[in-house]
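Before any comments, here is the structure.
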Amino acid sequence: MISVKTVSSQRVVANITRLVSRAFAYLLREPYECAGAFFGGFGAWLLSANISYSKWGWLSFLLSNAFFLVVAYRKRMSGLFMVQSYFAYTSVNGILHYF
């Protein structure tokens, strides 16, 4: 017989509350990084959806690149800065070809 460990609902709620609290704390501490991640994911979703608004994914990617360039500059991360510069170029290229 397999024993199943029961978890109280109070413990589950406490864990979820702690997780949400940490997520909001990170959002407040690193707003540019979170915005870059959001717009990058949103742009990827728009392009992959293959709908009439998909071309706006390139603009979302460009916003993501701008936010990550700010992060890289502030944290002195030259590798990230270089790759985001190249990604910004590809985003501008996408904008020019789809608009």
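The values are calculated or read from the model by the stated rules, or taken from the named source; none is laboratory data. Since the model is a prediction, treat every value here as computed from it, not as a measurement. Note that we place each Cβ from the backbone using ideal geometry, even for glycine, and neighbour counts take in every protein chain shown. Protein only, heavy atoms only, side chains kept; ligands, DNA and RNA dropped before computing areas. Shrake-Rupley method; radii C 1.70, N 1.55, O 1.52, S 1.80 Å.
Worth a mention:
- Here the gap between residue 96 and residue 73, fully extended at 0.36 nm per residue and compared with their Cα-Cα distance, gives a gain of 5.7 nm.
- Sorting the segments 81-92, 32-43 by their residues' average number of neighbouring beta-carbon atoms within 10 angstrom, most packed first, yields 32-43, 81-92.
- Per-atom-type breakdown for the chain gives carbon and sulfur 68% of the accessible area (1.4 Å probe, protein chains only).
- Calculated [θ] (222 nm, deg cm²/dmol) that DSSP helices of n ≥ 4 give over the chain, each run adding -39,500 (n - 2.57): -28000 deg cm²/dmol
- In this rough spin-label picture, where each label sits 7 Å from Cα along the Cβ direction, the residue 18-residue 52 distance is 4.9 nm.
- Kirkwood-based Rg to Rh ratio, the chain, C-alpha trace: 1.22
- Only the Cβ atoms of Lys and Arg (+1) and of Asp and Glu (-1) were treated as charged; on that basis the dipole of the chain about its Cα centre amounts to roughly 400 debye.
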